[in-house]
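> Here it is, the structure, as structure tokens.
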Amino acid sequence: MSTISVPAGTAPATTRTTTTKKAGGRAGKRRLPLLPALIFVIAVTQIPFLLTIYYSFQSWNLVRPGSRHFVGFQNYADVFTDSTFLGALLNTVVLTVVCVFLSLLIGLGLAILLDRKFVGRGFVRTLLITPFLILPAAGALLWKTTMFDPTYGLLHFLFGTDVDWLSQFPLAAVMAQIIWQRTPFMMLLTLAGLQSQPKDVLEAASVDGAGRWRTFVSITLPHLSRFLQLATLLGAIYIVNSFDAIFLMTQGGPGTASTNLPFYIYQRAFEGFDIGQSSAMGVVVVIITMIVATFALRLMFRAFSVDGGTK
């Protein structure tokens, strides 16, 4: 009887292949219940985005029936030569940078306060979180009527002036409302970072004679860097898409003084009925947001990785 020699290592390789297939099959079965959710997400996000890209190459104004035709990249060329779009882009950058920085700074201060023990801390914490729980539209109307009204507003009684804040300082007024609503979120993230500090390190610093400021700069702030980066990223994603406050408080005015990109795209699509150019603007904004978000995510992943390297 002849014998067939089996090369060394063949059996283990076959076993590994079979094990890998079984593991893949089990993973597929576990993910199968998520398939309807994936299909739903694709249907409500990716398909509309693909249609937006398609419409961005069309000249299509709803007030001119039958005028729809292919124009290539002409809409994109018009976007980058549109002075109003460039002004809205500048307002968006200023609004995002100022609101993220101030809300993060104020949130850090409030988190440091709430990290200390004092009578009524739970009640104070609940009050400080409340603005974050209010709907953005309700918060915008609240500030418009209660704070900034030139006749009956709270600022009128405090300063005794008849300043029309929404007309004379529209962008600053919108910033104030957004900062008021986003600061609790920054505070919660920073407070979580403060409470995750190892107490033995703080006690060792105190024993070594380090003061409060030195301990904060050398120990607490480096520990909070990851939480601050996360708060900055999430806050920027929210604030760059701000629409409620501008729509309900200033309508982008006076003129275009407080117009940002989401509101200008809304104007072009639903007030100017220019589907082609508004779609091109939307695609440009998505591309810019993706570039910035990718850069920010790389920084955040580097900060949260254990070995300090990118993944």
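The values are calculated or read from the model by the stated rules, or taken from the named source; none is laboratory data. The structure presented is a predicted model; accordingly, all values stated were derived computationally and were not measured. Cβ sites come from the backbone with ideal geometry, for glycine too, and all protein chains shown count toward neighbours. The area values use the complete protein model at the heavy-atom level, side chains included, leaving out ligands, DNA and RNA. Shrake-Rupley method; radii C 1.70, N 1.55, O 1.52, S 1.80 Å.
> Could you say whether any residue in segment 182-202 is assigned to a helix (DSSP H, G or I), closer than 25 Å to residue 282 by Cα and at pLDDT 85 or above?
Filtering segment 182-202 down to residues assigned to a helix (DSSP H, G or I) leaves 182-195, 199-202.
Add one more test, that the residue is closer than 25 Å to residue 282 by Cα, and what stays is 182.
Add one more test, that the residue is at pLDDT 85 or above, and what stays is 182.
Yes, segment 182-202 has at least one match.
Listed here are the residues, each with its yes/no results for (1) assigned to a helix (DSSP H, G or I); (2) without any contact (Cβ under 8 Å) to a residue 40 or more places away in the chain; (3) not hydroxyl-bearing (Ser, Thr, Tyr).
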| site | (1), (2), (3) |
| --- | --- |
| 112 | yes, no, yes |
| 117 | no, yes, yes |
| 124 | yes, yes, yes |
| 131 | yes, no, yes |
| 144 | yes, no, yes |
| 152 | no, yes, no |
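> Mind checking which residues of segment 115-150 are among the charged types (D, E, K, R) and out of contact with any helix residue (DSSP H, G or I) (no Cβ under 9 Å at 6 or more places or on another chain)?
Initial filter on segment 115-150 (among the charged types (D, E, K, R)): 115-117, 121, 125, 144, 149.
Correct list: 116, 117.
> Restrict the check to segment 257-270 and report whether at least one residue is under 20 Å from residue 57 (Cβ atoms), more than 19 Å from the chain's Cα centre (by Cα) and either crowded, with 19+ Cβ neighbours inside 10 Å or of a type outside the set (S, T, N, Q) (or both).
Checked against the condition, which is being under 20 Å from residue 57 (Cβ atoms), more than 19 Å from the chain's Cα centre (by Cα) and either crowded, with 19+ Cβ neighbours inside 10 Å or of a type outside the set (S, T, N, Q) (or both), segment 257-270 yields at least one hit.
> Give segment 189-224 a look and list any residue that's small (Gly, Ala, Ser), over 18 Å from residue 113 (Cα atoms) and surrounded by 10 or more Cβ atoms within 10 Å (Cβ to Cβ), or say none.
Quick first cut of segment 189-224, residues small (Gly, Ala, Ser) only: 192-193, 196, 204-206, 209-211, 218.
Next, only the ones that are over 18 Å from residue 113 (Cα atoms) stay: 204-206, 209-210, 218.
If the condition is that a residue be small (Gly, Ala, Ser), over 18 Å from residue 113 (Cα atoms) and surrounded by 10 or more Cβ atoms within 10 Å (Cβ to Cβ), then 204, 205, 206, 210, 218 are the ones that fit.
> Right, next: Residue by residue through segment 248-291, note down the ones that are out of contact with any Leu (no Cβ under 6 Å at 6 or more places or on another chain) and either basic (Lys, Arg) or on the phi > 0 side of the Ramachandran plot (or both).
251, 252, 255, 268
One line per residue, one yes/no per condition, for (1) exposed (fewer than 10 other Cβ atoms within 10 Å of the Cβ); (2) modelled with pLDDT of 85 or more; (3) outside any helix (DSSP H, G or I):
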position	(1), (2), (3)
1	yes, no, yes
4	yes, no, yes
20	no, no, no
24	no, no, no
27	no, no, no
87	no, yes, no
102	no, yes, no
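> Then there is this: Quick one: which residue in 294, 232 is under 15 Å from the mean Cα position of the chain (by Cα), assigned to a helix (DSSP H, G or I) and closer than 29 Å to residue 137 by Cβ? Break it down stepwise before answering.
Working: 294 fails: closer than 29 Å to residue 137 by Cβ.
Being under 15 Å from the mean Cα position of the chain (by Cα), assigned to a helix (DSSP H, G or I) and closer than 29 Å to residue 137 by Cβ holds for just one of 294, 232, which is 232.
> A further question on this structure: How many residues does segment 49-69 hold that are of a type in the set (Ser, Thr, Tyr), under 19 Å from residue 265 (Cβ atoms) and open to solvent by less than 90 Å² (accessible area, probe 1.4 Å)?
Total satisfying the criteria: 4.
> Follow-up question, since we're still on this one. Take segment 220-255 and flag every residue that is touching a residue at least 24 places away in the same chain (Cβ under 8 Å) and polar (S, T, N, Q).
Those that are touching a residue at least 24 places away in the same chain (Cβ under 8 Å) and polar (S, T, N, Q): 220, 225, 229, 232, 242, 250.
> Among the β-branched types (Val, Ile, Thr), within 26 Å of residue 140 (Cα to Cα) and either open to solvent by 20 Å² or more (accessible area, probe 1.4 Å) or assigned to a helix (DSSP H, G or I) (or both): is that true of residue 179 in this structure?
Yes; evaluated as a whole, the condition is true for this residue.
> Let me ask something additional. Consider residue 185 carefully, then state whether it is free of Cβ contacts under 8 Å to residues at least 12 places away in the same chain, aromatic (Phe, Trp, Tyr), closer than 25 Å to residue 101 by Cβ and out of contact with any strand residue (DSSP E or B) (no Cβ under 8 Å at 6 or more places or on another chain). Before you say what the answer is, go through the steps one by one.
On the way: free of Cβ contacts under 8 Å to residues at least 12 places away in the same chain: no; aromatic (Phe, Trp, Tyr): yes; closer than 25 Å to residue 101 by Cβ: yes; out of contact with any strand residue (DSSP E or B) (no Cβ under 8 Å at 6 or more places or on another chain): yes.
So residue 185 does not fit the description; no.
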